[in-house]
1. Counting helices only, and only those DSSP H runs with n ≥ 4, report the 222 nm mean residue ellipticity of the chain as the sum of -39,500 (n - 2.57) divided by its residues, in deg cm²/dmol to the nearest 500.
2. Averaging over all projection directions, find the projected area of the Cα convex hull of the chain and quote it in nm² with one decimal place.
3. Compute log10 of I(q)/I(0) for the stretch 85-167 with the Debye formula, placing one identical point scatterer on every Cα and leaving out solvent, at q = 0.12 Å⁻¹, to two decimals.
4. Using alpha carbons only, what's the Rg to Rh ratio of the stretch 289-411 with Rh from Kirkwood?
5. Can you give the Rg to Rh ratio for the stretch 178-335, taking only C-alpha atoms and Rh from Kirkwood?
6. Identify which of 354, 105, 44 has the largest mean-square fluctuation in a Gaussian network model of the chain, with springs joining Cα atoms closer than 10 Å.
7. How would 211, 399 line up from fewest to most surrounding beta-carbon atoms within 10 angstrom?
8. Roughly how many debye, to the nearest 20, is the charge dipole of the chain about its Cα centre, given +1 on each Lys and Arg Cβ, -1 on each Asp and Glu Cβ, and no other charges?
Amino acid sequence: MDVQGTVAAGWEPVRDAFLRNFEQRGERGAALAVHHDGARVVDLWAGAENADGGTGDGGTGDGGTGDGGTGADEAPWTEDTAQVVRSATKGVAAAVPLLLHQRGLLDLDAPVAAYWPEFKAAGKDGVTVRQLLAHRAGVPVLDRPLTLAEAVDLETSTRAIAAQAPVWEPGTAHGYHAHTFSWLLSGLVHRVTGRTIGRWVAEEITGPLGLDLWIGLPAAEAHRVGRIGPVEEVEPPGSGALKLRPKRSVTEAYQDPNSLTRRAFGVIDPKPDENDPVYRTAELPGSAGVATARALSRFYAATLGPVDGAERLFTPGTLTLARTEESAGADRVLLVGTRFGLGHMLHGPASPLLGPSSFGHPGRGGSLGFADPDAGIAFGYVTNGMRRTVTADPRAQALVRAVGSVVGGAV
């Protein structure tokens with residue numbers, strides 16, 4: 001395996017861990033970037049651009065497995081390759097309400113209906129912005145799933161979520177709003193700013209920071225995006241891979257069509273093909289973002305401080321909000337103990353990051369982005385090889401442990 005890129009002196013253990021993911025964990029194609037105190041210290045990529053080993057330009061593929069190498073007819077991963085990062089998008093999108101609050105445009109403790117009057121329907125009149133962001137609104141499901149065409153249409157999708165009755169009393173519990181988070185956040189941001197969330201992110205975050213990261217992929221960038229697909233799930237002996245064993249596993253619950261787990265992950269029906277250009281161009285801030293590892297890492301670095309002359313995103317007060325726990329304990333959808341702040345996942349057993357101050361978000365099946373203020377670390381990992389993991393992919397965890405070995409993190 002020919003690993004491309006650079007690591008700063010002292011960061012070689014991270015490169016070693018990145019290589020082992022290809023050799024021992026079935027990695028197909030991936031990239032990793034890490035910033036430390038605003039400087040990029042890790043910038044690596046390797047493998048095939050497409051999980052199925054093809055040479056196409058981002059169309060659908062068969063999602064076959066591979067051994068981590070690239071054949072003569074395979075398109076190699078390059079430093080500019082981007083991928084769908086699934087729920088790692090949520091970590092970027094969660095910055096939007098925090099920045100709106102920072103600018104005095106959004107009251108976190110106001111009812112959502114103060115900005116979005118239709119949302120008060122069906123017993124949601126008391127749901128606050130804070131509860132919505134912390135996965136406490138009680139609407140992780142829809143009584144009627146949406147088609148892809150409905151899901152990507154802002155008016156249709158936000159009307160559906162506004163009309164939905166909560167499945168628990170809002171504020172009394174939390175459960176991962178896997179897909180409905182897209183429409184909750186999109187509806188709120190559109191009504192506060194008059195802009196779609198993808199446009200807001202492009203104009204206020206990714207444009208000024210020069211990030212190759214999109215919520216709504218432009219057609220001109222489609223050629224850079226490889227196909228995602230499943231890969232063989234293997235673990236080397238003694239790897240320390242996280243194994244959570246709740247009374248009922250997420251996998252078991254997913255097999256039950258009446259479970260909140262299955263319903264939460266099935267609100268778009270039929271299940272969309274994430275290699276479909278229609279899906280990639282959709283402004284779905286909970287699941288459909290496209291990014292490079294460099295972009296994820298640089299984004300989180302900017303939440304901590306200035307990066308390459310660009311102004312920091314978060315004030316110290318907003319940074320405190322981003323890392324403050326709002327929900328913790330048994331998750332009604334994921335069935336394990338999760339911790340959430342205001343849209344970000346926080347360090348904990350279900351989603352180990354670098355340490356207690358870490359905030360960010362994993363993407364189901366692999367990708368991960370986060371920041372750790374105490375260690376001055378920003379981390380971005382992007383993969384095309386999707387595993388069944390939801391919050392703690394073994395490949396990402398191995399990389400986080402390697403970063404921890406360098407800076408003395410908790411993982």
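1. Value at 222 nm, helices only, nearest 500: -7500 deg cm²/dmol.
2. Details: hull surface 70.4 nm².
It is 17.6 nm².
3. So the normalised log intensities work out to -0.38.
4. Details: Rg = 13.8 Å, Rh = 14.5 Å.
Rg/Rh: 0.95.
5. On the way: Rg = 18.5 Å, Rh = 18.6 Å.
Taking Rg over the Kirkwood Rh, I get 0.99.
6. 105
7. On the way: 211 22, 399 25.
Lowest to highest Cβ neighbour count: 211, 399.
8. Values: 38 positive and 47 negative charges, 259 e Å.
That gives the chain a dipole magnitude of about 1240 debye.
Each value in this text was obtained by applying a stated rule to the coordinates, not by laboratory testing. Fair warning: this is a prediction, and the values are worked out from it, not measured in the lab. Cβ sites come from the backbone with ideal geometry, for glycine too, and all protein chains shown count toward neighbours.
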